[in-house]
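Notes to accompany the following structure.
Computed from the coordinates by the stated procedures, all read-outs in this text should not be read as laboratory data. Bear in mind that the values here come from a model prediction, so they are computed numbers and not experimental data. Because the Cβ atoms are built from the backbone with ideal geometry, glycine has one as well, and the counts that use them run over all protein chains shown.
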Amino acid sequence: MKKRIVYELNGLYRDSLRVTGYEFGKGKKSVCIVGTMRGNEVQQLYCCSQLVKKFKQLEEEGRIASGHKILIIPSCNPYSINIQKRFWPIDNTDINRMFPGYDLGETTQRIADGVFNEIKDYKYGIQFTSFYMPGEFMPHVRYMDEGFSKVEEALKFEMPYVVARKVRPYDTATLNYNWQVWDTQAFSFYTTTTTTIDRKSAGQCVLSIMKFLASNGIVKYQSNGRNQKSVVIDDTELVTVRTAKSGLFESLVKVGEEVGEGTPLANIVNPYDGEIMETLYAPIDSKVFFMHTDPLTYANTAVFKLV
Amino acid sequence: MIKTIASVALPVDEVLAIKKRRIAPAGAKKNLKRISIVTGIHGDELEGQYVCYELSRRIEENMDKLTGIVDIYPAMNPLGIDSITRGIPAFDLDMNRLFPGNIDGNMTEYLAAEIIKDVSGSNLVVDIHASNIYLTEIPQIRINELHEDLLVPIAKKSNVDFIWVHGASTVLESTFAYSLNSIGTPTLVVEMGVGMRITKTYGDQLVDGIFKMMSELGIWSGEVPEVREPIISRDYEDVSYLNAAEGGLFIPQVKHWEKLNKGDLIGEIINPLSGKVIEKITSPVDGILFTIRDYPIVEEGSLVGRLLRKEVYEQ
């Protein structure tokens, strides 16, 4: 293992911002794994820490195939994590909207450029990312359906779900999109949580990345032998359940739970008198794929996505 | 007449309402032209607040000269303005990346869709921004090159100092102005002054321009002031960007909108801890400083100014 600083930015009164990478193996640039870009992505950081631990073990045991280099960057943004702010401390910009970056541009463009120059030539790119709404997901892998990434590769993760995402205008400045422009097969990992650590889903992600790498001959890894087939869905196929009212959000189900048509999913409760203003029901037999977790909700909010 | 164009109940005993004021000539008249003045998409930009007030005040002094409809939307992001938040509070989203919205979408998308529905069909929309809290801008209009042919002739009447025609960018397709221009509602984006402040002289200058544009559209029959001839930039290379090489405090040595020669000192970046000057920022070209940093703290890469090359403003 080689630990090195991938990018550094001097602070005025703060310590330097150091983007640290962990390299395993030697040879062609095979896989790059990137963790947090935002200050609240604790689970994403945790997942990368578990991967670093795993790769150290694999390397010590000689289980990384020769000719392959793997780079893990647990965090591109320690500055925001350390002050518990989601976006960049000074100007509130999002590093994951700055790719491919610009070396003569503004601060977050420079960080994106510095990091991207180190990671753009890898064959596979894996990013642990988060949703803009507070909520929990069933762990899944996403790829952009009009890009360079192939669904056949996404299936090698053996995650329960593979989601094909339609490209939106703002996607064009994300890491995932730009990796593909530079011919990297890019996949985004969504684990259950963001601001809290969920060991089970982190473990599931570590395991699925091991399966992916073993399947591509990059590491020697023996799984349990059961090949799990992923369900491939388009993000537009998810069935959204929205609130009609604003109020306290009281969930009646859990993420991953199977729900029959008509199952009560949540109550929206009047915050002053406790009256139930609205009960949300499952419109179809399905599984809870995403669930809002904030105790308050606004009207028109997509609080459930069902698959 | 004040009307709520979109509203959503918030979780605890409050309704978020986006309001507009319509000023129209007395009596029922058909086929009137309409101008919409929009501001407050970013909650920390206040320059447009004064423009809304001053425009209303001057119209009401001469209501008999009003020959069309003036719709004024002072606060597209009311929660942001009332909490000094640039984006939409609670969502941490830039409202100007949500358009055209979705009527069946979440609260923010729904509001964006209602806004587009209400404003679309105007003969002209003026979307007033105030840069951000870091940079002061000379009154200017920014136009996507895709809409240049339609918008530059109108913008020339707006009394701004500068028209900046910039390249198309996919990311900008979710802005308010792009969404309206792409459905045929001409929309000008004004940037002037600085966030969290009001520069009255800039506001008065733009109000003069709005009256001129109203007059051209047939919405105002009264006297209108002469408007200035703006400098127009269409080439990316017309503009030089000045970025800090290191973190520190930027202390300007020149005034905004000052003409500079190559090598002139624009400002210093100092370090109060070491007591040293870290960087002297000098003009890389002969040009005029149309953007200058207002917020002193900088880090590596922070923009401290923009210069427009001499050849452009001398044309």
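A few remarks follow.
- Bridgeable aspartates and glutamates around B:K255 (alpha carbons under 14 Å apart, same-chain partners fewer than 8 residues away excluded): B:E137, B:D264, B:E268, B:D294.
- Dipole orientation for chain B: of the candidates B:Y202, B:L260, B:L172, B:Y202 has the Cα lying most toward the positive pole (charges on Cβ; Lys, Arg +1; Asp, Glu -1).
- When only alpha carbons are used to place a centre, region A:1-61 and region A:98-129 end up 14 Å from one another.
- Cα gyration tensor category, rounded, prolate or oblate, for region A:169-247 with a/c compared to 1.5: oblate
- Filter on A:K245/B:K3; A:K85/A:K254; A:K120/B:K117 - keep pairs with C-alpha separation over 32 Å: A:K120/B:K117
- Electrostatic dipole magnitude of region A:195-267 [Cβ: Lys, Arg +1; Asp, Glu -1; Cα centre; debye, to 20]: 460
- Burial order of peptide ranges B:260-267, B:28-35 (average beta-carbon count within 10 Å, highest first): B:260-267, B:28-35
- Against the compact-protein benchmark of 2.2 N^0.38 Å, the Cα-based radius of gyration of region B:179-232 scales to 1.34.
- Mean residue ellipticity (222 nm) of the protein assembly as shown, computed from DSSP H runs ≥ 4 via -39,500 (n - 2.57), nearest 500: -6500 deg cm²/dmol
- By the compact-protein rule of thumb, 2.2 N^0.38 Å, the alpha-carbon radius of gyration of the protein assembly as shown corresponds to a ratio of 1.06.
- Rounded to 5, the percent of DSSP beta bridges in region A:2-234 classed as antiparallel: 35
- Take the Cα of B:I251, step 7 Å toward its Cβ, do the same at B:K310, and the gap between the two points is 2.9 nm.
- Shielding score for A:8-21, defined as the mean number of other chain Cβ atoms within 10 Å: 3
- The coefficient of translational diffusion for region B:2-232, derived via Stokes-Einstein from the alpha carbon Kirkwood radius under 25 °C and 0.890 mPa s, stands at 138 µm²/s.
- Around the Cα centre of chain A, unit charges on the Cβ atoms of Lys, Arg, Asp and Glu (plus for the first two, minus for the last two) sum to a dipole of about 1320 debye.
- Dipole of chain A, positive end: most advanced residue of A:N227, A:Q109, A:T196 [Cβ charges, Cα centre]: A:N227
- Proximal charge balance of A:E278 [Cβ under 11 Å; K/R count +1, D/E count -1]: 0
- Spin-label model, B:K262/A:I233: points 7 Å from Cα along the beta carbon direction are separated by 6.1 nm.
- Annotation: the residues B:D294, A:D294, sorted from fewest to most other C-beta atoms within 10 Å of their own C-beta, follow the order A:D294, B:D294.
- Compactness of chain A was expressed as the Cα radius of gyration divided by 2.2 N^0.38 Å, which yields 1.04.
- Shielding by other protein chains, B:291-298, mean Cβ within 10 Å: 1
- Counting only other chain Cβ atoms within 10 Å of each residue's Cβ, the peptide A:167-177 averages 3.
- Test item: Cα-centred dipole of the protein assembly as shown, Lys/Arg +1 and Asp/Glu -1 on Cβ, debye: 1440
- Using a Gaussian network model of chain A in which every pair of alpha carbons under 10 angstrom is joined by a spring, one finds that among A:R14, A:R199, A:R38 the greatest mean-square fluctuation is at A:R14.
- Of B:S36, B:Y53, B:T85, farthest towards positive along the dipole that unit charges on Lys, Arg, Asp, Glu beta carbons give region B:22-133: B:S36
- Residues B:D92, B:D161, A:D15 in ascending order of nearby Cβ atoms (within 10 Å, fewest first): A:D15, B:D92, B:D161.
- Look at where the Cα atoms of region B:205-224 and of region B:45-80 average out, and the two centres are 13 Å apart.
- Model label sites at B:R197 and B:I183, defined 7 Å from Cα along the beta-carbon direction, differ in position by 3.7 nm.
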